[in-house]
Every structure is written in C-alpha cells, then in structure tokens.
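None of the figures in this text is laboratory data; all of them are computed from the coordinates on show. Predicted, not measured: the structure shown is a model, and the values here were computed from it. Ideal geometry is used to build each Cβ from the backbone, glycine not excepted, and the neighbour counts take in all protein chains shown.
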Amino acid sequence: MKIIKKYLLILILVAACDYSAQELSGIPGAFVDVGFGARPVSMGGAYTAFASDVHSIVWNPAGLSRLKKSQASFNYVNQLGLVDYYYMSAAMPLSPESRSAAGILVISSGDKALREWTFGTAYSKEIWGFLMGVGVKVRYATFGNNTLSKTDLIIFEQDEIDAGLGNQVFGSALGFGVDVGFLFDLSERVALGISFRDMMSSLSWDSDNKNSDLKPKGKYSEALPTEAYIGLAFKVLDELSIAADYSPGFIQDANPKLFAGAEGVLFKILYLRAGTQYYINSVQDEKFTLGLGLDINALPDMTIKTDFGYLIERLDNTVRFTLGLEF
C-alpha cells in the first residue's frame with residue numbers, strides 16, 4: 001500500500017509541474033476567480049495545503065474531509081470597487097469513520113451588462129491514507145441586457161446612435177468545470193496539498209444583436225484555463241501556522257505565482273492573518289493581505305465565525321467580509 005501511495009504522489013506532482021496547455025482563448029474576462037473567503041485570501045491565497053473549512057470547495061475540495069462539524073458561509077466583496085461578488089457555501093461531514101464530506105456553493109456577480117452565476121458541489125473522502133476531493137461547477141451568464149436610450153448618447157450623431165444601439169450585443173453562456181484536489185499529511189505538523197482548478201472545462205457562448213448586416217460571432221465554445229497549485233502547510237506551534245503555494249503558468253501571458261501566509265490564534269477565539277502573492281515577472285504587481293477573524297460561541301453547539309480580509313494591490317485595495325456558522 002505504501003508503494004502505491006508513493007507512486008501516486010509522484011505522478012500527481014509531475015502532472016502539477018508539467019501540465020500541458022489546452023486550446024484556450026487566454027485568461028478569461030468572465031468567471032474570474034477573485035478569491036472567495038476572507039480567511040484564505042487573508043493568508044495570501046496560500047490555502048492549498050491549509051484547506052480545512054467550507055471554503056475548501058473552491059480552494060482544494062480534499063480539505064472538506066477535515067471538517068469536524070457542518071459549516072455555512074456567506075461572503076461579499078466589491079472587487080476593485082467595480083464588481084460585486086456574492087459567495088454562499090455549505091458543507092458537512094458525512095462519515096467520521098471514512099473521513100468523507102460534501103459541500104455546495106453558489107456564486108453571483110455583475111449586473112445587467114454581465115451577470116454571472118456559478119453553482120457547484122464537491123465531495124471528499126480519505127483513500128489509502130490521504131484525502132482526495134472532486135468538485136463540479138455549472139456556470140451560466142447573461143450579457144447585454146442593460147438598457148440604453150438615445151438620450152444617453154446625445155454627444156453622437158443620430159445615425160451613429162442608431163448604429164450603436166443596433167450593434168449592442170446580447171446573449172448567454174453555459175458551461176462546466178471540474179476541480180480535483182489532494183491532501184497528504186507528511187507528519188503531524190506538515191501537510192502537502194495539490195489542486196487542479198478547471199482540470200476539465202467548457203464554456204459555450206451564444207451572442208446576437210439587432211443588426212442583420214453585422215452579426216457577432218454567434219455560437220462558439222472555449223475552455224477555461226487549468227490552474228495547478230502545490231502547497232505546504234506547517235503548524236509551527238499550536239497557535240501559529242504558516243503556508244506556501246506555488247502555481248505554474250500553463251498558458252501564454254500567465255505568470256507563475258508564489259503565495260505565502262500565516263495565521264495566529266489568540267485565546268482560541270481571535271485570529272490574526274497576513275500574507276503575500278508574488279508573480280514571477282518583471283512587473284511590480286505583488287499583492288499583500290491582512291486579516292482578522294473572531295469566533296463567537298453563541299450556543300453550546302453553534303459558533304458564529306466572522307472574518308475580514310484586506311487585499312492591497314496596485315490597482316485598488318479591496319475589503320472582504322465573511323459571515324459563517326459552525327454547528
């Protein structure tokens with residue numbers, strides 16, 4: 001059994017470091033992963049090996065098997081002061097003996113110009129002494145439903161206004177994605193995590209307008225970029241943990257990334273977090289994160305979890321808020 005585990009781990013590591021690119025249109029402007037959950041983001045996104053709560057659904061589904069109790073979470077972020085994201089998730093352990101768990105999520109973002117929905121589910125189970133998880137996402141988007149009137153465009157000529165309104169593109173998109181994650185406990189204090197986001201994916205677009213002479217592309221399909229993450233988590237003390245992730249860039253213009261973060265616990269209720277994200281390139285686009293968490297035992301079997309995260313980056317700083325329950 002140890003030989004099987006050894007070769008499986010080697011195979012996964014090789015795949016994570018040398019995963020061949022697919023037929024992609026590039027990094028998508030739709031369904032962007034802005035980082036969900038104030039706790040993971042506050043740790044710089046170094047959460048692949050640290051995943052242990054309901055947010056594991058999107059970071060590393062294998063982490064769901066670390067759940068001791070059921071959890072529910074609501075997250076809100078106004079990304080760069082431009083786009084509102086709402087993230088809701090719930091997860092529960094299924095069998096303590098087999099260390100299995102399952103979870104669901106809903107993500108909503110945007111407005112009538114571009115509204116996106118993601119519905120997902122994930123399952124995790126202990127196999128041969130390590131944890132493995134699989135997540136499936138269904139994505140749906142509508143765009144071009146924002147209303148424009150001629151009075152909004154008075155600086156243009158009348159024929160330009162008519163042409164512009166006739167060329168306004170509208171339509172929808174439907175697709176799916178599959179995530180796979182693994183967690184290996186190398187010792188009581190050290191864990192190795194590997195995750196593939198959108199290991200398989202497809203997104204089909206259907207667009208149209210009112211201009212019969214100049215039609216948009218219409219129906220076509222594309223794949224979303226696969227992202228791989230390799231992480232280590234180390235419990236330095238009972239009250240202090242550190243983690244680091246590496247993500248290779250598989251496609252053109254996607255830079256390899258390094259993530260690092262730490263979490264400290266005070267009085268078993270107050271959490272202090274900090275982290276950084278570093279892109280391996282010649283551009284000064286590093287990100288820094290800070291976070292604060294508070295656990296409140298509202299009832300004997302229920303804990304209210306509140307988390308705040310602050311992301312510092314070149315374009316604009318972003319605040320994240322998470323409200324959760326553990327029961």
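Order these peptides, 267-274, 228-235, 38-45, by their mean beta-carbon neighbour count within 10 angstrom, highest first. Intermediate results must be reported in sequence, preceding the final value.
Working: 267-274: 14.6, 228-235: 21.1, 38-45: 29.2.
By packing density, highest mean first, the sequence is 38-45, 228-235, 267-274.
Listed highest first by mean packing, meaning other Cβ atoms within 10 Å per residue, what order do 88-98, 172-182 come in?
On the way: 88-98: 16.2, 172-182: 20.6.
Per-residue Cβ counts within 10 Å, averaged per peptide and sorted highest first, yield 172-182, 88-98.
Residue pairs exceeding 27 angstrom between C-alpha atoms, taken from 235/257; 219/287; 257/305; 235/268; 112/305; 125/219: 219/287; 257/305; 112/305; 125/219. Note on residue 272 and residue 95: the extension gain reaches 60.6 nm, defined as 0.36 nm multiplied by sequence separation minus the Cα-Cα distance. Packing-based ranking of 71-77, 299-305 yields 71-77, 299-305, ordered from highest to lowest mean Cβ neighbour count within 10 Å.
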